[in-house]
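The structure appears right after this line, and notes come after that.
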Amino acid sequence: MNGSANFSHPQIFQCNLTLSDIQQNLTSPADLEMLAASTQILTSNPEELTAENVTAAAEIANTLLLSANATENVRVAAVATVSQLLNATVPDDTKAKNATLGLTVTLDQLSVNLSLNLNASQSQIVQPNLVVQSAQISAAGTQGVQFTSLKGDSDSFTANRIQLNRNATQVVMGNGFEADALIYIQFPKGEGVRGRQTDSNLSLGFVLYQNDRFFHSKLYTRRRATIRVLSARVRGQERNMVPQHVEMLFRQINISGMSLYDFSCVFWNYSQKDWSTSGCSKGNTSDGLMRCFCNHTTNFAALWSYRENYEYAEALDVISIVGLSLSILGLVVTIIYHIKENFFRKSHGQQSNLNSKLALLCIYLSLLAFIITFLSGVQNSSRQNDTKVQSDDRTNKIPKSDEHIEPDRGLCTAVAALLHFLLMATFMWNSVYSTQLVLLVRSMRRSLPTHWTPLSVTLGWGVPACFMVITLGVSYRMHNPLGYRQEEFCWLAALDKKQQFNFGKPMFWAFLLPIGLILIYNIVLLVLTSMATCKVDTRLTSNKKSSLRRRFLISLSLAVLLGLSWTLGYFVLLSSEKTHQIFSILFCICTTTQGLQIFILFTARRRAFRATISRSISSFNIPLNSTQYNLQRKWKNCNMNQSETYKDLSDIEVTTSKTL
């Protein structure tokens, strides 16, 4: 670092060359440097490479690295090409897989022979995604070798963060030491060292891959994790120099919102063309490092699986609990009174509006069942975050994927399905009831045709049941229940992995879309019903305050019953940060107290209900302390009868006579 810049000799390139042209011209030793540099340039944008380009570039790099005429510049350019191919993403292509996998074998050979070819004790080629380290070590002068890739500010490999300890007795972890990947090879101790007759050299080679894109596994599916692969090779003349112990450390690459669940220590089995755990075991995890042990040298990796750190919904706030509790109380009283007055009391014309009474009862029942289920079961009691990290070294099994999802335990899914069904049923019965009102008011009929009752029941309960079953069949899987429901709380899934609203999730097409259509339908019917009622009822056509008040109460009662306050939920989804909080509070208050509002508007306002409550209160005898007085008065020659008149709260006059 003397402040001066050094440039290599200029090279002349043929800009019209393609990868296919380069493959055909590799027979000429004189042009290898130019062809290697051209290949590096043509693969400098790996995201644009096709499967055919990757295959051709891999075969070119493989030929260059195996060539006996390859110079140091050729090897560096070829390794740079391989490093760029590690960033290429191509579809499933057999030729590309075989070509890139063949490169790993060539790189292993290069790592062992590189220092021999250069006649040096050690040498390395470092590229952003690939490191090739080679060393020649005296067999009598070492007990172990440690290769380390240190953690830096970026994920790219740099030469100053690659270290090689040629004589280590154990894994070296100094103060402030942070490694991304480490491998320690221990050779036989004691008699093995003293018994060596010759001081021969060992050829060691290490290859570190930034990711596992050259190792296509059928057993392990990688979606978001970055798996580093570390290869080690030892070649010597003495049998007692076979590695006795191989220890590795791999640092997990953190993913936002995820934490380590389990990992497996594996090596690449070329005969099976997949990962294998044979001869490997796993140790503990500490400081983000996963420890692995193997009894042989090859391409190693630690395959890990993450689990998402869910932010579970907090317990319902006081407003929600109070509102829902009052709604439960109001709906219970409303249901009891509704059944008593409309189904048990015989009155003239009871059958004339049976459909409307049945629809009202179903609205009350479904809404009550929804609130009870929501209040008692919406919090997820079987949380994935409660499961422990699998750190047992006896369970060195290859995970199926880098994303761990707990198998469904059933309870939360059942609650989500029941909530979906009950809320859909409530809105469907709202539509049935509003349709009945429009038909009765506009047609001036006292009753509907007889087939309307079974049709109403089919629509009110059957359609929501079909929605629930179809939604479960399309999006629910036992091994991955989160395609149907959320993990944070028991309700339909709505967000993708990036916490963005996903229109392909059930929350949109199985709830928001049909409920939105039902709300629009109910709003139209509310307007039609209000207009028709005002035309028919002469008490509502005047401009008096009582008439205006009556019209307002009729419209308000129908709006509450039809659940139009749920439209605020759509404003919550669409609003910005400034208005989001306001709509959220309004939505919470209006929806949690819907049952209480129904009780006030449809039950408490009725004169007959108030009279019943009054009679019930007056029927209670309250014992009081009393003193008896005897009054005597003399009347002359006559008896006088006197009557007293009383009026109760229900405007019923009762006359009681008593003689004094």
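Only the coordinates and a few stated rules stand behind these numbers; no lab work does. Just so you know, these numbers come straight off a predicted model, no measurement behind them. Note that each Cβ is placed from the backbone with ideal geometry, even for glycine, and that neighbours are counted across all protein chains shown.
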Notebook entry, point to check: Considering amide H positions built from the backbone, and no H for Pro or chain starts, which residues 5 or more places from MET290, or on another chain, come under 5 Å of its amide H?
Noted result: PHE250, ARG251, GLN252
Check: Using every alpha carbon pair in the stretch 12-91, what percent of pairs falls into each 10 Å bin from 0 up to the bin containing the largest distance?
Finding: 21, 58, 20, 1
Notebook entry, point to check: Taking amide hydrogens as modeled 1.01 Å from N in the peptide plane, which residues meet the under 5 Å criterion relative to LEU202, leaving out close sequence neighbours?
Noted result: ILE137, SER138, ALA139
Notebook entry, point to check: Which links in LYS97/LYS505; LYS151/LYS497; LYS273/LYS497; LYS218/LYS282; LYS95/LYS151 stretch past 26 Å when you go from one Cα to the other?
Noted result: LYS97/LYS505; LYS151/LYS497; LYS273/LYS497; LYS95/LYS151
Notebook entry, point to check: Just how far, in whole angstrom, is the stretch 126-190 from the stretch 397-455 if you go by their alpha carbon centroids?
Noted result: 63
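Mean shadow of the stretch 461-519, computed from the convex hull of its alpha carbons, in nm²?
Details: hull surface 18.2 nm².
Result: 4.5 nm².
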Next item on the list: Show me 206-216, 502-512 ranked by packing, highest mean number of other Cβ atoms within 10 Å first.
Entry: 206-216, 502-512
Next item on the list: Amide H neighbours of ALA168 under 5 Å, at least 5 residues apart or on other chains, H built in the peptide plane: list them.
Entry: GLN143, GLY144, VAL145, GLN146
Item checked: Dipole magnitude of the stretch 12-91 about its Cα centre (Cβ charges: Lys, Arg +1; Asp, Glu -1), debye to nearest 20 -> 140
Next item on the list: Quickly work out the PHE552-to-ALA68 label distance, labels modelled 7 Å from Cα along the C-beta direction, and quote it in nm with one decimal.
Entry: 10.2
